[in-house]
Amino acid sequence: MYPRLLINLNAIASNTERVAQMCHQKGIELVAVTKLVLANPEIAKTMRLNGADKLGDSRLRNIITLREHGVPGPYQLLRVPMKSELGLVVHLVDEVLVSMPETVFELDALARNFQRNIQIIYMVDVGDLREGVWFEKAVDEILEVARKIKNVKLVGIGTNVGCYGGVLPTVENMNILLAVKRELENELGFKLKVSGGSTVTLKLLEDGILPDGINQFRVGEGIILGTDATGDRDIPYLSQDTVLLEAEVVEVDYKPSVPYGEIGKDAFGRTPVFEDRGWRHRVILAVGEQDVKPDGLKPLEKGAKVLHASSDHLILDVTECERKFKVGDILRFRMSYGCALRAFTSPYVEKEFIQG
Ligand SMILES: *Cc1c(COP(=O)(O)O)cnc(C)c1O
C-alpha cells in the first residue's frame with residue numbers, strides 16, 4: 001500500500017550506537033526521544049537496545065504505548081506536564097521535565113501515596129523563550145521548590161534551545177546553565193545533573209567545546225533522521241537513509257507552468273505564484289498535505305522538483321528527469337523533521353520495516 005514509510009532499523013541502530021558512544025565517552029547519559037515516530041515500539045526498542053540509557057517522549061499516550069509493548073524504560077516525560085495528566089504521570093513516568101512550582105507541588109502531593117521514585121528535572125530558559133524559568137530567576141525559584149517537596153526528588157536542571165527563538169546552543173548559554181547548577185548545589189548540598197540539549201547540541205560535543213558538567217542529552221531527530229533542523233545540516237557521521245517515503249504516480253501529464261484563468265487563494269489560504277517556464281512534464285502523486293509537508297520533501301529522483309500539494313495530491317515537475325514516468329510508478333523521498341512528523345502521524349501512510 002502507498003504512500004508508505006520505509007524504515008531501516010539497522011540504520012537507526014547504527015545512529016543510536018554512534019550518538020551513544022559520543023555521549024558515553026564524556027559521561028553523558030543519552031535519552032533517545034521517540035515523539036517523532038509516535039513511540040513506534042520497534043524503533044523505540046532499537047534505540048533503547050543500542051545504547052540509549054532512557055527513552056523520552058513529550059506525550060503520555062506515547063509512554064503508554066512503550067509500556068504496553070514492553071519497551072524497556074526508564075521513561076522521561078519531555079513536555080512539562082498538564083495539571084490534568086499528573087494523576088497518570090505518577091504511575092507511568094520516571095523522570096519529568098518541569099517548569100512551574102504549582103505543577104511540582106501537585107505532583108508531589110499525588111506521589112505521596114506511591115512508592116515510585118519520581119525524579120524531576122527543572123527547566124531553565126537560557127534564551128530560546130520556550131519552557132523553563134528565566135535563568136536570572138532560576139536559582140530562587142528552584143530552591144524554593146526543592147525545599148518544599150517531600151515525595152518527588154529534584155535530580156537536575158535542564159534547558160531547551162532551538163525551538164521557539166531558534167537560539168543555538170553555545171558555550172555561553174551552556175555556561176549559564178552550569179552557573180545555575182553550581183549555585184543550587186552550594187545551597188542544597190547535593191549534586192544535580194544537567195540536561196543540556198537535543199540534536200542541535202551534538203555540534204558542541206563534536207567540536208570538543210561542550211563545557212564539562214553537561215551530563216544528559218535528549219536526542220530524537222539526529223538518531224532517527226540523521227539531520228539537524230536547527231543547525232541546518234546533515235550530520236556527517238550519521239545515516240540519513242533511515243526513513244524514506246514512497247508515493248505512487250496517479251497522473252502523468254504535459255501542461256503549461258502557469259495556470260489559465262483568474263487566480264484566487266489555494267485551499268490553505270496561500271496565493272500561488274508562478275514562473276512561466278513553458279510547457280512542463282509533470283506527475284501527480286497520491287499523497288498530500290494531510291500526510292507530508294511538501295517543502296520538506298527531497299526527491300531521490302534526480303531532476304524531480306516538488307511544485308505543490310493540496311490535501312491529497314502532490315504535483316512534481318519531472319521535465320529534467322531521465323526516467324519516463326507512467327501511472328503506477330513509485331517515487332522515493334527523504335524528509336525534513338516537520339515532514340517526517342506529519343508522515344508518521346498520518347494514518348494514511350503505511351509504516352514498513354526494511355533490511356538494509
Ligand atoms: C523534542 C524534544 C527533544 C528532542 O529534540 P530533537 O531535536 O528531536 O533531538 C529534546 N527535549 C525536549 C524538551 C523536546 O521536546
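Brief remarks follow.
- A single member of Val219, Val287, Val283 is crowded, with 22+ Cβ neighbours inside 10 Å, closer than 30 Å to Ala44 by Cβ, in contact with a Leu (Cβ under 7 Å, 6 or more places away or on another chain) and assigned by TED's automatic domain parsing to the domain that holds Lys326, and it is Val287.
- Residue in segment 1-12 that is within 16 Å of the ligand (Cβ to nearest atom), in contact (Cβ under 8 Å) with a residue 24 or more places away in the chain and in contact with an Asp or Glu (Cβ under 9 Å, 6 or more places away or on another chain) present: no
- Hits in segment 209-252 (condition: aliphatic (A, V, I, L, M) and within 16 Å of the ligand (Cβ to nearest atom)): Leu210, Ile214, Val219, Ile223, Ile224, Leu225, Ala229, Ile235, Leu238, Val243
- With respect to (1) at pLDDT 95 or above; (2) out of contact with any strand residue (DSSP E or B) (no Cβ under 9 Å at 6 or more places or on another chain), the lone exception for Ala267 is condition (1).
- Restricting attention to segment 151-183, the residues that are within 12 Å of Phe135 (Cβ to Cβ) and either more than 16 Å from the ligand (Cβ to nearest atom) or touching a Cys at 6+ places or on another chain (Cβ under 8 Å) (or both) total 8.
- For the residues Glu102, Glu131, Glu106, Glu136, the requirement of being in the same structural domain as Glu172 (by TED's automatic domain parsing) and under 20 Å from the mean Cα position of the chain (by Cα) singles out Glu131.
- Failed criterion for Glu206 (all others in (1) away from the ligand (no atom under 16 Å from the Cβ); (2) exposed (fewer than 15 other Cβ atoms within 10 Å of the Cβ); (3) touching a residue at least 24 places away in the same chain (Cβ under 8 Å) hold): (1)
- Some residue of segment 165-187 being part of a strand (DSSP E or B) and of a type in the set (Lys, Arg): no
- If the condition is being basic (Lys, Arg) and part of a helix (DSSP H, G or I), then segment 2-23 contributes only Arg18.
- Residues that are touching a helix residue (DSSP H, G or I) at 6+ places or on another chain (Cβ under 9 Å) and either in a loop (DSSP other than H, G, I, E, B) or on the phi > 0 side of the Ramachandran plot (or both) within segment 322-341 comprise just one, Ser336.
- Residue within segment 116-125 that is within 13 Å of the ligand (Cβ to nearest atom), more than 18 Å from Asp94 (Cβ to Cβ) and touching a residue at least 12 places away in the same chain (Cβ under 8 Å) present: yes
- Scanning segment 301-329 for residues that are surrounded by fewer than 13 Cβ atoms within 10 Å (Cβ to Cβ) and closer than 24 Å to Asn8 by Cβ yields Lys302, Arg323.
The values are calculated or read from the model by the stated rules, or taken from the named source; none is laboratory data. In this text the structure is predicted, and so the values were computed from the model without any measurement. No Cβ is skipped: glycine too gets one built from the backbone with ideal geometry, and neighbour counts run over all protein chains shown.
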